[in-house]
Every structure is written in C-alpha cells, then in structure tokens.
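Let me begin by presenting the structure, written as structure tokens, before commenting on it.
The values are calculated or read from the model by the stated rules, or taken from the named source; none is laboratory data. All of these numbers come straight from a predicted model, not from anything done at the bench. Because the Cβ atoms are built from the backbone with ideal geometry, glycine has one as well, and the counts that use them run over all protein chains shown.
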C-alpha cells in the first residue's frame, strides 16, 4: 500500500512540476511584458522611437500565409499518395517516410544555414520573403504530411468501399468522401505548422533577413515577430519592448492553438 | 475548484519547485557580501564578445589582448570568459552580476552599468574626439563603386552636416568635421538596401528616418546581420551599402570604397555596485587575459 | 474516359508532391555537406573533431570543436536526466491518473508548451533562472546547470505527447487483467501498462534528445558560451548549435566554412539519432 502511495505521489509531483513550469514561463513573460504594451507599438511604421511591432506582425502573417499556401497542397497530396495510392510495401513509400521523419528532426539552425546557402546565395534570392517562405515550407512539410496521413488512416475503409460501390472514381472518392471526413485532423496539422513558423527564429534569421520595413515584394527582406524579439534584444536598447513582443507572441501562439483545438472539436462533431 | 484557484496553486508550486531545484545544487560560493558593500575578494567574471565580432576585434587589438608576433596573431582572451554575441547580452550580464566586467560600444552605454575610466580618462564623446580616450574604432560604410543615384544621395546625406549631427546625437563622434550642408534633390525615389554590422544598425536606422523624412519616396531596407556579411553583400552587389564596425580587410578594400561615418569608443563596463573607478590599459589586459582573477588584486 | 485521364494526371501530381520532401532532404544534405566537408578535409578531420582549441581570430587559426561536441553531449545528457523522469511520469498522470475534465485543460496546456517559441523560453531563463543561479551557484549564473534545467523543461512536451499516446494505445485488457488479479491501480499501471508501451516511450525520449541537441536560440542566451571543455555544472558551456549562431554573423572566409562544418557534425548527430529512432519504431511495429 505504501509503495502505491509513493508511486502516486511521484506521478502527481511530476505533473505539478511540468504544469508549474509552464505557468511560470507564461506568467513571468505576461507579468513582465504587459505593462510595456502601449499603442505606440502598434503604429504602422517602425521608427526607433516607437519600436512598433506592427510591420513584423504583418510580415509574420504574410510569411505564415504564403508558407501554408505552398506547403498545404504539397503536404496533403503527399498524404493522399502515401495512404490512398501507394501499394503496401511500396519502396517509394518507405523512402518518403524516412525523408519525412528526417526532415522533422533537422534542427532549425541547419534549416537556416541550408536556406542561406541554397535560396539566398545559390539561387540568388537575397535575404527575402521568398527565401524565408521556401525554407519554412520545407520545415513544416513533415508536420502536414504526418497529420494528413494519420487523418486519412483513421477514415473507416467501409466509407471508401461504399463510395466505390456507388460508382464513384478514386479521385471523386478522395475529394468528396474522404477529405471532408479527415478535414479536422488535416486542419489541426496545418494550424500547428503555422505555429511552428510563428515561433521560428534561427531558420529565418539567415533567410528572411531583419529589415524593419514592411516587405513590398517577394524579394524584399522583412522580420517576423520572433525575429523582431531577437533583434530588439541584440541591439540592447529595447529590452522592455522585447518582453512586450514576447507577450504578443504568446498570445498569437495561444490563439493558434485554441483555434486548432476548437476547429478539430467542432468538425469532429459535425461529421458524426 | 475553479481554474484560477488551480492555476494559482500551480504557479506557487512552480516557483517553489524552481527555487528548491536550484537551492539543492547550491552550496559552492555563497558570497559573504554585506548589504550595499562590494566584496573585492570575489572572482572577476569576464564577459567578452564572440570571435569575429568587430567590437572584440578592435578591443583585443587596442588593449593588447591580441598578441602579434610576426605573421602570427593570438587572441589571448581568458578561456573562462562568458561569451555574449550582442551588446545587450554583455550589458544585461554585467548589470545583473556585481563581479563582472565587459566592454560595449560607447553609443549603447546607459545607466544600468558603469563605465570605468581608462588611464584616468573618462569615456565620453569628447575624449574619443580628441583621441585622449584610447579604445576607439571607426564605423565604416562601403560600396562597390557602382552607387545608384539615390544611394549616392543617401550617402552624401550621411556625410553632410545634417547626417553627422544625427551621429553625434546618438552618442557617437562624427567622422567628418565641417561637413557641408545637405541639399535635397527634388524627386528622389527608389530603393536602397543597407546590410551589415549590428553595432552600426541603431545609428543607421536613425539616419534612414532623417533621410526619408526629407525624401519620402525613397525606401531603405536595413538588414542587421554582421560586418562581414555586410561587406560580402556590398562586394557582390546584393546590397547597395554595407556597414562594418571594424576596419576593412585588404581583400575587401580591393573591391570596395569605404568611408568612416562615425568614431565609436569602446567602454569598459562594470556593475554599478563595483567600487572600481579607474583601470590602466595594463590592468584591462590582465583582466581580459585571465592573469588577474579577483578584484582586490586590482584595488590593492 | 475523361475522368480516367484526370485520375491518372492527379495520381502523377500526388506522386510528385510525395517526392518533394525526398528532394528537400537530398538538397539539404548536398548543400550542407558541400559547404562544410571541403573545409573538414582541408583542415584535417581528426584535428577538427578532436581539437580542443577554438580560436578563429588567431593567425594561424585553430578550429577544434571537441569542446562544443562535449558541450552538446553534456547538456543533452543533463536535460535527459532532468526531463525524462518528469516527462514520463507526467504522461502516466495524463493517461491514467487524470480526471477527464482536467485532461481537457492539460492536453492543450502541453500543446501550448510545445508551441511556445524558443526565443521566449530563452528570455524567460535569462531573466528568471539566471539570477537565481547567480545567487546560489555564484558566477554569472550562466552555466551548464542553467542550460540543463531549461532544456529539461523544453523537451517535456515532446516526451509527454508521444509517451501519453503510446500508453493510451496499450490494449485495455492488460489493465483490467492485472486489476482482476488483485493488483492496485498504481501497480497495474506501472508494472503492466507502462512496460507494454515501452517502445513508444523510448521513441519519445529519442525525439527529446533530438530536440535538446538541436536547440539554439534559447541556449545561446544562457549557457555562457565559453569554448572550453565542460568540466563542471557551474561553469559555462558552448554547444554545436550555439557555436554556429554566435559567430555566423561576423564570420568570413575560413571561419565561416568552419561554422558550416560545425553544422555538418550537428547534422550527422541528428541523422544518427533519427536512425536509431526509426529502427526502434520499426521494431516496435513488428
């Protein structure tokens, strides 16, 4: 009986440490940062006076949006191929899986260096939105592929059979029957991917650059919120503002996660 | 049981646990510091910049931490020195640690830390100007000889009386005295990209604001990624203007035309609690090479 | 007829999409290796890997990254010691001890923990853990222990997420069977259910190792970054990742190549870790 109590005690303690640290991190940043939030930081144009984070907020949205527009079809189509088309034991499937798993494990600093060597220098894109977006696309692909695969595998085979029996073709079955059912899983993967881009620093530092202007073309440089926070802290004159940027980052991440949970809950209910 | 109650509980526990976790590993140097006083027997914590930084290059060369012997150069920075890769990293560390010492760009100096006098000379814009403060280096701009019309105009703005006034206003020393006044040309428009040193970026941003106020149709992108990256970008033409917080290397000068825009002193900084006011160059060198490791060896 | 053509066409599109990630990983390998390997060959593999002196500004410069390799290993090992027990126990809590209503709050909390940007973790540690360390351990407070605690926290969500789902995937009959034999809830969980989820838990730990060894932005702020061999928990340490991000900005020429070569070493580490992960996963699937 004693051993049981001890076990239970350790388990509770571990959980308390985990969630205690989470609350501590979030609470600390919020408490330190909220007092420094002010309207000036949301001015349209960055100056050294207002240290506005608006341009970086908008750049973040642009980079996230473009990344998802490119990465989502590629990722979802890969999922289609792996689950719906490839035959069991297909060599290609094995190779794609290994590639995806490896991509998922590559540290962001390596993505950053690769982006710099390939997109920025070799393809001569310079520090630009394009280089940043393409690097992010590769980075989030495994997330989207994996969640699509899982969502498709979870679809009951009887649905596929029923659709074929009614005379629908493969493509029609995928887009009309399977995709709607697996939508929540795919969507939550896509949303998590956007979270990854929002929080990324190392990979974008060497590809997107760190201009404070709003990018006006694919080939101009910009900075996302996380980069903004990093650069502010490096310059050494705006520590309070970087706290405030931290608050906004946490809020954005919270919204993204909330949206992901909400959407998948709601859509699951809708299909049932 | 509400969520707020729960979160409060967990928050308190979290704080407690963190403290406990750290406390358990303590027990080494529990300082004998009495309130307000400065305990000079403590070990000096040396804070340096990373290898390749313009500030570190200039600092080690001037103070003699970098030893030149024929073709060989050895940077003797104390191997136990904490390395920070930004001005703010150095300042935050020194501001929070009573026993540490570091060096930063004079333009970034603020009240959170204390600059020591070198050989009895206070680090100010004036002493850098008249060369009596020994640790100073230029901020350089460079281009590959093919400046566009608008970039040329921006360049002459920086070198004009107006531009140099901004430089002085930001706490640096002007590189051009008696600069001519800037004459705005009507209808300037276009795009300029400026890439380079993180130390030059803050003053460059202010210069950009000043210039775009006069020439609203010009957009200037400032990318802050380091002196060498800036020189590379200027050489291959991917940036119009490169910024460096160091002297240009010979191979860079083969391609680039460079001009200093400001002189920046390097301040040696200590914690505000530290009672040290003066250091000689020799002492600075001894501290940064690890020959001297406690404050009382300096204070005597 | 028309639909059949479209079918074939779309199948091609799907296939090409699937090859994108293969192409991406090949490109990454080519460019990282091409950037770093020539330098390693030029400088000498063993001098590079086992050299203890990193002083790129000297003439002649030395580029020995053994201190950084050992730094990465030491910090990762420490993070595992801190993070793994807490992470696994928490996942057991989430899967077996947690009321449903609480799980609805805690699950998103773990996801949030995974999504907090590393720069935010780094700032938190710099402002919250470093001063405490300074008080108790002395020095600047930026030392290996600080990095270990932070990384220990940062790998928690990785471990918890995967471990929890593998514990939940254990057939319920294992648990009910054990209970029917008169074992307590705790004993059934710890002795029957958790061992059955072993391969999933081990995979989660390996992923955690990958995350710890690859973390950059958080560690650079708090580790002290001295390029010296790690000797004590209370001294500073520099890892492979921080070596790159610290000096990349100002590096040129040979120094820059040496940093890319550092990334090659890091990448090889990741490939090894990931290979181990794949093998264990495959074994678990059998």
### Query
Restricting region C:142-154 to residues that are at the interface with another protein chain (Cβ under 7 Å from one of its Cβ atoms) and more than 16 Å from residue C:84 (Cβ to Cβ), which is surrounded by the fewest Cβ atoms within 10 Å (Cβ to Cβ)?
C:145
### Task
Specify the residue that is modelled with the highest pLDDT; the eligible residues are those in region A:197-217 that are assigned to a helix (DSSP H, G or I) and either away from every other protein chain (no Cβ under 11 Å) or surrounded by 23 or more Cβ atoms within 10 Å (Cβ to Cβ) (or both).
A:197
### Query
Just to be sure, is residue C:133 without any contact (Cβ under 8 Å) to a residue 24 or more places away in the chain, in contact with a helix residue (DSSP H, G or I) (Cβ under 6 Å, 6 or more places away or on another chain) and more than 7 Å from every other protein chain (Cβ to nearest Cβ)?
no
### Query
Does region B:209-216 include one or more residues that are at positive phi, assigned by TED's automatic domain parsing to the domain that holds residue B:157 and surrounded by fewer than 21 Cβ atoms within 10 Å (Cβ to Cβ)?
no
### Summary
Across region A:124-150, the tally of residues that are without any contact (Cβ under 8 Å) to a residue 40 or more places away in the chain, over 14 Å from residue A:64 (Cα atoms) and within 11 Å of chain C (Cβ to nearest Cβ) stands at 1
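Do you know which residues across region B:256-285 are assigned to a strand (DSSP E or B), more than 16 Å from the chain's Cα centre (by Cα) and surrounded by 17 or more Cβ atoms within 10 Å (Cβ to Cβ)?
Of region B:256-285, the ones assigned to a strand (DSSP E or B) are B:257-270, B:278-279.
Within this subset, residues satisfying the condition of being more than 16 Å from the chain's Cα centre (by Cα) are B:257-260, B:278-279.
B:258, B:260, B:279 - these are the residues of region B:256-285 that are assigned to a strand (DSSP E or B), more than 16 Å from the chain's Cα centre (by Cα) and surrounded by 17 or more Cβ atoms within 10 Å (Cβ to Cβ).
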### Task
Run residue A:183 past the list (1) crowded, with 24+ Cβ neighbours inside 10 Å; (2) at pLDDT below 85 and report the number of the one that doesn't hold.
(1)
### Message
Being in contact with a helix residue (DSSP H, G or I) (Cβ under 9 Å, 6 or more places away or on another chain), within 14 Å of residue B:211 (Cβ to Cβ) and surrounded by fewer than 20 Cβ atoms within 10 Å (Cβ to Cβ): is that true of residue B:132 here?
### Response
no
### Message
Here's a check for you: in region B:236-255, which residue that is free of Cβ contacts under 8 Å to residues at least 24 places away in the same chain and closer than 21 Å to residue B:137 by Cβ is surrounded by the fewest Cβ atoms within 10 Å (Cβ to Cβ)?
### Response
B:250
### Message
Looking for something in contact with a strand residue (DSSP E or B) (Cβ under 8 Å, 6 or more places away or on another chain), crowded, with 24+ Cβ neighbours inside 10 Å, more than 14 Å from chain A (Cβ to nearest Cβ) and touching a residue at least 12 places away in the same chain (Cβ under 8 Å) - is there at least one such residue anywhere in region B:143-157?
### Response
yes
### Task
Would you point out the residue of region A:88-116, among those that are under 23 Å from residue A:147 (Cβ atoms) and not in a helix (DSSP H, G or I), that is nearest to the other protein chains (Cβ to nearest Cβ)?
A:107
### Query
Can you name the residue in region B:50-73 that is without any contact (Cβ under 8 Å) to a residue 12 or more places away in the chain and part of a loop (DSSP other than H, G, I, E, B) and is also nearest to the other protein chains (Cβ to nearest Cβ) among such residues?
B:71
### Message
Suppose the filter is assigned to a helix (DSSP H, G or I), without any contact (Cβ under 8 Å) to a residue 12 or more places away in the chain and within 28 Å of residue B:121 (Cβ to Cβ); does residue B:297 pass it?
### Response
yes
#### Entry: Residue identified as in the same structural domain as residue C:266 (by TED's automatic domain parsing) and in contact (Cβ under 8 Å) with a residue 24 or more places away in the chain among C:40, C:80
C:80
#### Entry: Among the candidates A:55, A:35, residue that is within 14 Å of chain B (Cβ to nearest Cβ), within 30 Å of residue B:169 (Cβ to Cβ) and in a helix (DSSP H, G or I)
A:55
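Yes/no matrix, rows are residues, columns are (1) touching a strand residue (DSSP E or B) at 6+ places or on another chain (Cβ under 8 Å); (2) modelled with pLDDT under 85; (3) crowded, with 24+ Cβ neighbours inside 10 Å:
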| residue | (1), (2), (3) |
| --- | --- |
| C:202 | no, no, no |
| C:215 | no, no, yes |
| C:218 | no, no, yes |
| C:223 | yes, no, yes |
### Query
Is it the case that some residue within region C:98-106 is over 19 Å from residue A:261 (Cα atoms) and either in contact (Cβ under 8 Å) with a residue 40 or more places away in the chain or within 7 Å of chain A (Cβ to nearest Cβ) (or both)?
no
#### Entry: Whichever residue in region C:233-260 is in contact (Cβ under 8 Å) with a residue 12 or more places away in the chain, facing chain B (nearest Cβ under 9 Å) and not in a helix (DSSP H, G or I) and, among such residues, is farthest from residue C:146 (Cα to Cα)
C:251
### Query
Tell me, which residue of region B:85-95 that is in contact with a helix residue (DSSP H, G or I) (Cβ under 6 Å, 6 or more places away or on another chain) and either more than 7 Å from every other protein chain (Cβ to nearest Cβ) or assigned to a loop (DSSP other than H, G, I, E, B) (or both) is nearest to residue A:242 (Cα to Cα)?
B:86
### Single residue of A:119, A:77 found to be touching a helix residue (DSSP H, G or I) at 6+ places or on another chain (Cβ under 7 Å), assigned to a helix (DSSP H, G or I) and surrounded by 24 or more Cβ atoms within 10 Å (Cβ to Cβ)
A:119
